[in-house]
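The values are calculated or read from the model by the stated rules, or taken from the named source; none is laboratory data. Worth saying up front: this structure is predicted, and the values here are computed from it rather than measured. Cβ placement follows ideal geometry from the backbone for every residue including glycine, while neighbour counts extend to all protein chains displayed.
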Amino acid sequence: MASDTKTESNRKLQRLVGQKYVLLDGGSATEMVRIGCKNIDNDPLWSARLLKTNPETVMQVHKNFLLAGSEVLDTASYQASVQGFVDHLGVDHDTALSLIGQSVVLAREACTETGCDAVVAGCVGPYGAVLHDGSEYTGAYAEKITREEACVTCDGERFSDAVRSVVQSDQVLAVGLNCTAPEHVCDLLESVQHLQLQKGVVVKPNSGEQWVRDEGWIPGSGCVSLGNQVKTWVDRGATWIGGCCRVYPDDIAKMKKELDRL
């Protein structure tokens, strides 16, 4: 059975690699909030808690994005870690591992129930996500923090250098940016055009709204419509396109319409 599953996954991956464009999903946790889970933003486990307490909602969110056209589903495990589950759910080590595995099961079941032939991608957050202090938004856990500067990562490395390093691996199918403000996307894409990447170039920005620790998302703070930016991103080399925080199934459906036109 494990061999059959691996073969099927490889088939799906090869299909995506052969496509001109790939449509990703949006922000799972913020979609959970939209459909009624109001306490996620103040939870140290964020959406990962629902893997234990409300798996039905996790699956429904996956279905919502699949029905909007997503070809890749991120599992609801961004904020999941063994230590986090032990500390904040009171479970043991083995149960914590099982819950992380459950995130894959739920995504696959959503594909089966909707009849969508999507790829399930295991979502692993940065180190800041494990700290449960919001520092994944600021990079404050890095060794050195630079001033706000286009095309430079939080630890001072040029984005193009990071991309060049990552794409050297044969295991990497696509590389790009995630949960970045839309205003930075074009500069970041242009900064890697000289690399002439032969792999997928990922664009998965947030809505542009501001997130403040202990307050959450500030509605209307720079929110932009992403659907009408798809062609601009494609013209600058983007091929795997979706969204992150506060990017909903309706937004993904608009992106699909734009990609279909292209």
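Among residues that are among the acidic types (Asp, Glu), part of a loop (DSSP other than H, G, I, E, B) and either modelled with pLDDT of 80 or more or in contact with an Asp or Glu (Cβ under 6 Å, 6 or more places away or on another chain) (or both), ASP117 is included.
Could you check segment 185-213 and list, in sequence order, the residues that are on the phi > 0 side of the Ramachandran plot and in contact (Cβ under 8 Å) with a residue 60 or more places away in the chain? So that I can check it myself, show each step before the final result.
Start the filter on segment 185-213 by keeping residues that are on the phi > 0 side of the Ramachandran plot, which leaves 196, 208.
Within segment 185-213, none qualify.
Within segment 169-182, is there a residue that is polar (S, T, N, Q) and part of a strand (DSSP E or B)? Looking for residues that are polar (S, T, N, Q) and part of a strand (DSSP E or B), one finds at least one in segment 169-182, hence yes. Quick check: is even one residue across segment 223-245 under 21 Å from ASN39 (Cβ atoms) and of a type in the set (D, E, K, R)? No, because not a single residue in segment 223-245 is under 21 Å from ASN39 (Cβ atoms) and of a type in the set (D, E, K, R).
Residue count for segment 36-66, restricted to those that are modelled with pLDDT of 95 or more, under 25 Å from LYS254 (Cβ atoms) and either among the hydrophobic types (A, V, I, L, M, F, W, C) or in contact with a Pro (Cβ under 9 Å, 6 or more places away or on another chain) (or both): 6. For segment 237-246, the condition holds for no residue, the condition being that it is touching a residue at least 24 places away in the same chain (Cβ under 8 Å), part of a helix (DSSP H, G or I) and either under 13 Å from VAL163 (Cβ atoms) or not assigned by TED's automatic domain parsing to the domain that holds ASN42 (or both).
Against the numbered list (1) closer than 19 Å to ASP74 by Cβ; (2) more than 19 Å from the chain's Cα centre (by Cα); (3) β-branched (Val, Ile, Thr), ILE241 comes up short only at (2). If you check SER207, SER191 for being under 28 Å from ASP170 (Cα atoms) and not assigned by TED's automatic domain parsing to the domain that holds PRO44, only one passes: SER191.
Of everything in segment 29-51 that's of a type in the set (Gly, Ala, Ser) and either surrounded by fewer than 14 Cβ atoms within 10 Å (Cβ to Cβ) or in contact (Cβ under 8 Å) with a residue 60 or more places away in the chain (or both), which residue is farthest from VAL175 (Cα to Cα)? Let's see the steps before the verdict.
From segment 29-51, those of a type in the set (Gly, Ala, Ser) are 29, 36, 47-48; that's our starting set.
Those left that are additionally either surrounded by fewer than 14 Cβ atoms within 10 Å (Cβ to Cβ) or in contact (Cβ under 8 Å) with a residue 60 or more places away in the chain (or both): 29, 36.
On the way: ALA29: 22, GLY36: 33 Å.
This residue is GLY36.
When ASN10 is tested against (1) in contact (Cβ under 8 Å) with a residue 24 or more places away in the chain; (2) outside any loop (DSSP other than H, G, I, E, B); (3) within 29 Å of VAL234 (Cα to Cα), only condition (1) is not met.
Return a yes/no flag: does segment 82-91 have any residue that is in a loop (DSSP other than H, G, I, E, B), in contact (Cβ under 8 Å) with a residue 24 or more places away in the chain and not assigned by TED's automatic domain parsing to the domain that holds VAL203. Yes: one or more hits.
With respect to (1) out of contact with any helix residue (DSSP H, G or I) (no Cβ under 9 Å at 6 or more places or on another chain); (2) outside any helix (DSSP H, G or I); (3) farther than 23 Å from ASP260 by Cβ, the lone exception for GLN79 is condition (1).
Tell me which residues, restricted to segment 141-176, are among the small types (Gly, Ala, Ser), modelled with pLDDT of 70 or more and surrounded by fewer than 15 Cβ atoms within 10 Å (Cβ to Cβ). Walk me through it before giving the result.
Filtering segment 141-176 down to residues among the small types (Gly, Ala, Ser) leaves 142, 150, 156, 160, 162, 165, 169, 174, 176.
Then drop every residue that is not modelled with pLDDT of 70 or more, which leaves 156, 160, 162, 165, 169, 174, 176.
Matches in segment 141-176: GLY156, SER165, SER169.
Here's the yes/no breakdown for (1) modelled with pLDDT of 90 or more; (2) under 18 Å from the mean Cα position of the chain (by Cα); (3) assigned to a helix (DSSP H, G or I):
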site: LEU188; (1), (2), (3): yes, yes, yes
site: HIS194; (1), (2), (3): yes, no, yes
site: LEU197; (1), (2), (3): yes, no, no
site: GLY220; (1), (2), (3): no, no, no
site: TRP233; (1), (2), (3): yes, yes, yes
site: ASP260; (1), (2), (3): yes, no, yes
